Each structure stands twice: as structure tokens, then as C-alpha cells.
1. Give me the log10 of I(q) over I(0) for segment 32-108 at q = 0.13, 0.17, 0.19, 0.24 Å⁻¹, as the Debye formula computes it from C-alpha points; what are the numbers?
2. Would you pull out the residues with amide H under 5 Å of Asp82's amide H, same chain only if 5 or more places away, H placed 1.01 Å from N?
3. For a protection proxy built on the mean count of beta-carbon atoms within 10 angstrom, sort 30-37, 47-54 highest first, please.
4. Only bridges whose two residues both fall in segment 32-108 count here: according to DSSP, what percent of them are antiparallel, nearest 5?
5. If you look for lysine pairs in segment 32-108 that are eight or more places apart or on different chains, how many of them have Cα atoms under 18 Å apart?
6. Quick check: residue separation of Gln102 and Lys77 times 0.36 nm, minus the Cα distance between them. What number comes out in nm?
7. What distance in nm separates the simple spin-label points at Tyr89 and Glu41, each placed 7 Å from Cα in the Cβ direction?
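The numbers here are math on the coordinates, done by the rules we state, and not lab data. Since the structure is predicted, the reported quantities are computational estimates derived from the model, not experimental observations. Reconstructed Cβ throughout: ideal geometry from the backbone, glycine too, with neighbour counts over all protein chains shown.
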Amino acid sequence: MIRTAARTLAALIGLACLISSATAQSNSKTKAYTLHGTIQEVKDADKKVTVKHDKIEGYMGAMTMDYGVSDPEMFKKLKAGDEIVATIYQDEYTLYNIRLVQIDDRVHGVKRK
Ligand SMILES: [Cu+2]
């Protein structure tokens, strides 16, 4: 009885190690995507922005969701209604390298990947 329990525990620990190493591996080859969307709300308390974004090819459909902002200075500048392009990484809900889309970009077309 005790021996069975010990074996089960050992198996569980082994499984936990496998899972954690698999997670570490996927993190080392994160894919980058370009997000294009509009800020719906700036949540100062959470340091998050709600973004209505277009479909991200090969990753996500179009939706409205919250993202963190990598650059605190940029976060302060963001406001509802801003149209943005940013870089995001798989399984990490943070916006990197945010660029505000200017009227000029709309005329000439925003380069999206
Ligand atoms: Cu999304």
C-alpha cells in the first residue's frame, strides 16, 4: 500500500518535470505576430489596455481583449480611440513596440505581416 503510494508520487513528480520542461522549450521559440487594432479602454489600475484587434493570421481571430504594455512611458500616452500596430508574442498578452497609426499610414497603407 505505502509502496504503491510512493511509486504513484514518484510518477507524478516525473510527470510534473516533463510538463515544466516542455513549457520551457516552447517559451524559447516564441513566435512573433503583428497586431493591428484600436484601444477601447485604458485600465490604469491594471496597467492594461483593452484592444479590439483584427484577425492575426495563424494565431487569433478578430476580438476584443486586454493586453499589458511593455513600455510604461508608452502606456501613459495611450488613450481610447488610438489605432495601433504592435508586436505580440505567442502566449504572452503584452504589446511590444507600439506604433500609433497616423492618417498618413492610412493613406499609404499600414504594412502588416
Ligand atoms: Cu486576441
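1. Debye intensities relative to I(0), on a log10 scale: -0.34, -0.59, -0.74, -1.18.
2. Correct list: Ile39.
3. On the way: 30-37: 16.5, 47-54: 18.1.
Ranking, from highest mean packing down: 47-54, 30-37.
4. Details: 24 of 26 bridges.
Antiparallel bridges: around 90 percent, rounded to the nearest 5.
5. 12
6. Details: separation 25, 0.36 × 25 = 9.00 nm, distance 1.46 nm.
So the chain would gain 7.5 nm between Gln102 and Lys77.
7. Distance between label points: 2.8 nm.
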